[in-house]
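Quick notes on the structure that follows.
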Amino acid sequence: MSLINHAAKEVICKVVYVGPGLSGKTTNIQYIYDQTQTQSKGRLMQLSSDNERTLFYDLLPLSIGELEGYRTRFHLYTLPGQIFYDVSRQFVLKGVDGIVFVADSAAERMEANIEAFDDLKKALEGQGYDFDRLPVVFQYNKRDVPSAVTLEELQKTFNPTRRPFFEASANRGKGVMETLQEISLRVIRELKGGEKP
Ligand SMILES: Nc1nc2c(ncn2[C@@H]2O[C@H](COP(=O)(O)OP(=O)(O)O)[C@@H](O)[C@H]2O)c(=O)[nH]1
Ligand SMILES: [Mg+2]
């Protein structure tokens, strides 16, 4: 559920990028940070160290626009897989408004993708969310790697009901802003009362 601050006329939406370690979540956030004008972004907080980039989470506050007189702000978080068994990380999912699932296209990472996906669904259920009703966008990242599995296989495995998805090469910025735009659109639509696309 979004945080609404009536005094400040602000809505704060929480979007969490989830996926297995090294699938490209931080790369997405960093690219968004680099592409966003200074006045529209807060400080990028990266709670991680150089040699263990996947351990903690990133937070990027963004101002996206106005909705009925309220400033809409997004807080983008990244969250590694294995969340179900790690209570300390579950707070990042508290009050989540939208999820970007960042899968790694490399064949050798499919098992890790599936594990992270199952963990995510369990963690959301544990907090009373219905994954099928939450705004979700799938990002199939690392489409450039030689061992990439087919789009069909990814869709069949993660997104059989064909919710929005993007192919990406986040390290080159491909698909990153498209993913962000789609998830923010879905979250705002939900805020306005769940109009269907
Ligand atoms: N080949 C390739 N490498 C990528 C892509 N996106 C990210 N990477 C690299 O994958 C590594 C892990 O990315 P990172 O964003 O730290 O993963 P995170 O653990 O999900 O936050 C880094 O070396 C990135 O430069 C991509 O689309 N293609
Ligand atoms: Mg990271």
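Just so it is clear, none of the values below were taken in a lab; they were calculated from the coordinates. Note that the structure is predicted; figures quoted are calculated from it, not measured. Cβ sites come from the backbone with ideal geometry, for glycine too, and all protein chains shown count toward neighbours.
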Over segment 85-197, calculate the relative contact order: mean separation of alpha carbon pairs under 8 Å at least 6 apart, over the residue count, as a percent. 30
Using a simple spin-label model with points 7 Å from Cα along the Cα→Cβ vector, what separation in nm is obtained for Thr150 and Leu3? 4.6
Most positive-pole-ward Cα, Phe131, Gly193, Met45, against dipole of the chain from beta carbon charges: Gly193
Mean separation of Cα contacts under 8 Å, 6 or more apart, over the residue count of the chain: relative contact order %: 23
Dipole size in debye (nearest 20) for segment 3-191 around its Cα centre, Lys and Arg Cβ +1, Asp and Glu Cβ -1? 480
Per residue, the convex hull enclosing the Cα atoms of segment 3-191 spans a volume in Å³ of 118
Cross-link partners of Lys94 among aspartates and glutamates (Cα-Cα below 14 Å; sequence separation of 8 or more within a chain): Asp86, Glu125, Asp130
Among Lys9/Lys122; Lys25/Lys122; Lys121/Lys156; Lys25/Lys121; Lys9/Lys121; Lys142/Lys192, which pairs are too far apart, with a Cα-Cα distance over 27 Å? Lys9/Lys122; Lys9/Lys121; Lys142/Lys192
In straight Cα distance, which aspartates and glutamates are under 17 Å from Lys41, not counting same-chain residues fewer than 8 positions off? Glu10, Asp58, Glu66
